[in-house]
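Taken together, the values in this text are just the output of simple stated rules run on the coordinates, not laboratory data. Bear in mind that the values here come from a model prediction, so they are computed numbers and not experimental data. For neighbour counting, all protein chains shown are included, and Cβ atoms are generated from backbone atoms with ideal geometry for every residue, glycine included.
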Amino acid sequence: MLDILGTIGGNVLSLPGILGLALGMMTRKLWLGALMGGVVGVIETLIFAGWQLAHVETLELVIAIVVGVCAGSIGTAIRLKGATV
Amino acid sequence: MAEDNRGRIRRIWDWFWSPIPVLSVGFTLIAGFLAGILFWGGFHWTLELTNTEEFCTSCHSMETNLGEYRQTIHYNNHSGVRAICSDCHVPHEWNHKIKAKVMAVKDVYHELVGTIGTSEKYEAHRLSMASAVWKKMKESDSRECRNCHNFAYMDFTIQEARAASEHQRAIDNNMTCIDCHQGIAHSLPPDYLEEYQKVTEELSAQAAEPLEKHAAAGDDIRSFLQNSTD
């Protein structure tokens, strides 16, 4: 459990959380924000695995994608709520 | 003038999301950029403060392992290089580091409830604490050891004969630092070999291909040595 919480925290404060949020704020389309966040999650996991699929932990990949999708969606919601353009 | 019936929280919420016509885009961007630098700098600086030896050993329950560590070569040695707590227990990579920091919250809890508050309690938990660290190190191919040590950087000709032959054996058998160097910084509990065996068996059972995926460095050296002998 602690391991999962740590992984979630690490991703929220890393690329999926921060870059995912920033990318989500660049669009008004929810699906696009979520997609960009998810892609960042995949890329981040690959970066930390040294671009070798054999080193990718499934749980870490799933958590990174979920955090990225959530962050991207929140970013889009912020754009919709807080900007008129 | 119409009376505002909104509650305080609602008014703050509406104010937060309403456009501010007095600020230009440039001003907002520059102010946001500066605020971002200040926030991130402060956050990172605070995080680094939690990596200091003073911070790690400020808890009463850390006194025992601090005393043990001070008797080891990682504290005092001929080269004058020191590895402090965070060098071995906190990963350098951002994602792994944040994960370790989040997981370290449990240490604060155990300090507060006094789980290892006395030497008797400490000894009672020594094996389980050591086992948890061994498991983490075995899983990560001793990642934190390798921030300083690497088979590729070793000159076996200037190592003691036994060390050189053991390191060669480690490369040949895809072993990792913690396979031999348990107790390098803290005293070993009784029955530690049986416990370490249990850890390795558990990890082997979990992995479909037991730890071979971590052997990239060893593979490089082995292929180099094979080519040299050919």
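Once both labels are positioned 7 Å from their Cα atoms along Cα-to-Cβ, the gap between residue B:140 and residue B:38 label points is 3.4 nm.
Counting Cβ atoms of other protein chains within 10 Å of each Cβ in B:100-107 and taking the mean gives 4.
Per-residue 3J(HN,Hα) values for the stretch B:163-180, derived from phi via the Karplus relation 6.51 cos²θ - 1.76 cosθ + 1.60 with θ = phi - 60°, read 5, 4, 5, 5, 5, 5, 4, 4, 5, 5, 9, 6, 8, 10, 3, 5, 4, 10 Hz in sequence order (x marks Gly and Pro).
If only the Cβ of Lys and Arg carry +1 and only the Cβ of Asp and Glu carry -1, the dipole of the protein assembly as shown around its Cα centre is close to 1680 debye.
Considering every alpha-carbon pair of the stretch A:17-79, the percent of pairs per 5 Å bin, from zero through the bin containing the longest distance, is 5, 26, 27, 18, 13, 8, 3, 0. For residue B:143, nonlocal amide neighbours, meaning residues 5 or more places apart or on other chains whose placed amide H falls under 5 Å from its own, do not occur.
A dipole drawn for the stretch B:36-117 from +1 and -1 charges on Cβ atoms has a positive end, and of B:39, B:58, B:79 the residue lying farthest that way is B:39. Compared with the dominant principal axis of the Cα atoms in chain B, helix B:119-139 is inclined by about 90°.
A simple spin-label model places the labels of residue B:149 and residue B:50 2.8 nm from each other, with each point 7 Å out along Cα-to-Cβ. When you restrict to C-alpha pairs under 8 Å that are six or more residues apart and normalise by the size of chain A, the relative contact order lands at 41 percent.
The length gained on full extension between residue B:11 and residue B:108, counted as 0.36 nm times the residue separation minus their Cα-Cα distance, comes to 31.1 nm. For the protein assembly as shown, A:70, B:59, B:88, B:148, B:180 stand unpaired, since no other cysteine beta carbon lies under 4.7 Å from theirs. One chain, two ends: residue B:92 and residue B:68. Fully extended at 0.36 nm per residue, the span grows by 6.2 nm beyond their Cα-Cα distance. Computed over the alpha-carbon pairs of chain B, the distance histogram in 10 Å steps reads 6, 22, 27, 18, 11, 9, 5, 2, 0, 0 percent, short to long. Put simply, the amide H of residue A:56, placed in the peptide plane, has no neighbours under 5 Å, leaving out anything fewer than 5 places away on its chain.
Dividing the Cα radius of gyration of the stretch B:118-168 by its Kirkwood radius returns 1.18 for Rg/Rh. Please name whichever of B:96, B:26, B:167 sits farthest to the positive end of the charge dipole of the protein assembly as shown, dipole taken about the Cα centre and charges placed at Cβ: Lys and Arg +1, Asp and Glu -1. Going by the charge dipole, the pick is B:26. Mind giving me the FRET efficiency for residue B:82 and residue B:166? R0 is 22 Å, r the Cβ-Cβ distance, nearest 0.05 is fine. Efficiency for this residue pair is about 0.35.
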